[in-house]
1. Between Ser209 and Asp157, what length in nm is gained on full extension when 0.36 nm per residue of separation is reduced by their alpha carbon distance?
2. Does a label point 7 Å from the Cα of Arg186, set along Cα-to-beta-carbon, have any residues of region 146-166 with amide nitrogen under 12 Å, and which are they?
3. Computed FRET efficiency, Cβ-Cβ of Tyr44 and Asn129, R0 30 Å: what is it to the nearest 0.05?
4. Just order 206-215, 156-165 by mean Cβ neighbour count inside 10 Å, highest at the front, would you?
5. Just want to confirm a number: the relative contact order over region 50-122, from Cα pairs under 8 angstrom separated by 6+ residues, in percent.
6. Nothing charged except the Cβ atoms of Lys and Arg (+1) and of Asp and Glu (-1): what's the magnitude of the dipole of region 201-250 about its Cα centre? Round to the nearest 20 debye.
7. Past the 21 Å Cα-Cα mark, which pairs from Lys81/Lys106; Lys51/Lys141; Lys141/Lys216; Lys106/Lys188?
8. Just grab the label-to-label distance for Ser95 and Asp111, each label 7 Å out from Cα along the Cβ direction, in nm (one decimal).
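The values are calculated or read from the model by the stated rules, or taken from the named source; none is laboratory data. Just so we're clear, the structure is a prediction, and the values are computed from it rather than from any experiment. Heads up, the Cβs are rebuilt from the backbone with ideal geometry, glycines too, and the neighbour counts pull from every protein chain shown. What goes into the accessible areas is simple: the full protein's heavy atoms, side chains included, and nothing from ligands, DNA or RNA. Shrake-Rupley method; radii C 1.70, N 1.55, O 1.52, S 1.80 Å.
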Amino acid sequence: MQQIIKLRHSFLNGHGRPRTAFFFNDITNMAQRVTFYIDGFNFYYGLRRTKRNEPQWADYYWINMVKLCQGFLGEGQEVEKVIYFTASPLNPEKSSRQSAFLNANKLINGDRFEVVRGKYLDKQIQCPNCHYAISRPEEKKTDVNISVRMIADCVLDATDTIVLVSADSDLVPPLEFIQKQYPEKRIKVYFPPSNFSCDLKDNLIHHSSKPVLMYKNERRFRDAIMPDVVTDGTKRYEVPEKWRPANIVR
């Protein structure tokens with residue numbers, strides 16, 4: 001089987017416009033490369049909200065992200081990379097739990113799991129009536145980092161299928177850009193548990209697709225739970241004490 005693939009080149013034709021070349025490519029035995037772009041904040045707090053009514057979802061804090069994503073693949077697809085976009089919490093205990101989770105995933109999955117960090121900043125919120133102000137941490141740069149990486153992977157032809165794991169409507173513009181400029185790239189959107197975006201859903205419907213509700217795939221979460229201790233004989237990471245079933249507030 002052959003497929004015509006359009007390649008964009010940086011050189012110009014005689015009219016000063018980018019040239020587009022077409023090549024025949026034999027894809028008979030080529031697996032489709034699938035890259036997952038995970039909005040860590042959206043994903044984690046989706047699990048927390050779901051846990052309020054269904055306590056067993058707390059068991060999925062300690063999860064192998066690559067194995068979870070593999071559970072959603074179809075025939076002829078393979079995980080190229082799982083990219084987890086997050087920021088280190090300002091609270092030391094929360095930061096320690098997050099580090100254990102991320103390091104365990106890196107130890108198990110190697111180069112297939114990548115972490116891209118933004119940052120938390122203190123945001124002052126003031127009551128309009130009493131003018132009392134409180135400080136609340138707010139995650140910054142995650143949506144920008146996701147946008148840049150998705151577009152860069154298209155430019156560099158580093159993936160065939162983009163899977164966005166988020167319900168953040170701010171990510172509609174980069175998807176629209178990719179849909180217009182790189183129509184050969186497939187796009188899927190998975191909504192983390194307890195999260196939904198009408199804007200993202202409408203974008204997919206306009207392109208004859210629909211979002212995947214991860215909440216309806218609990219079995220895949222259960223199958224991806226990591227062992228309590230993840231080790232290679234040298235490095236060792238344990239499920240945080242607060243995340244152990246006996247210690248989770250249900």
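1. Working: separation 52, 0.36 × 52 = 18.72 nm, distance 2.21 nm.
Stretched out fully, the Ser209 to Asp157 stretch lengthens by 16.5 nm.
2. Of the residues in region 146-166, 160-163 have backbone N under 12 Å from the label point off Arg186.
3. Values: r = 32 Å, r/R0 = 1.08.
Efficiency for this residue pair is about 0.40.
4. Working: 206-215: 14.3, 156-165: 18.9.
So the order, starting with the most tightly packed, is 156-165, 206-215.
5. Working: 64 pairs, mean separation 26.4, N = 73.
Over region 50-122, the number comes to 36 percent.
6. Numbers: 11 positive and 7 negative charges, 41 e Å.
Value, rounded to 20: 200 debye.
7. Details: Lys81/Lys106 12 Å; Lys51/Lys141 27 Å; Lys141/Lys216 29 Å; Lys106/Lys188 24 Å.
Beyond 21 Å between Cα atoms: Lys51/Lys141; Lys141/Lys216; Lys106/Lys188.
8. Modelled inter-label distance: 3.0 nm.
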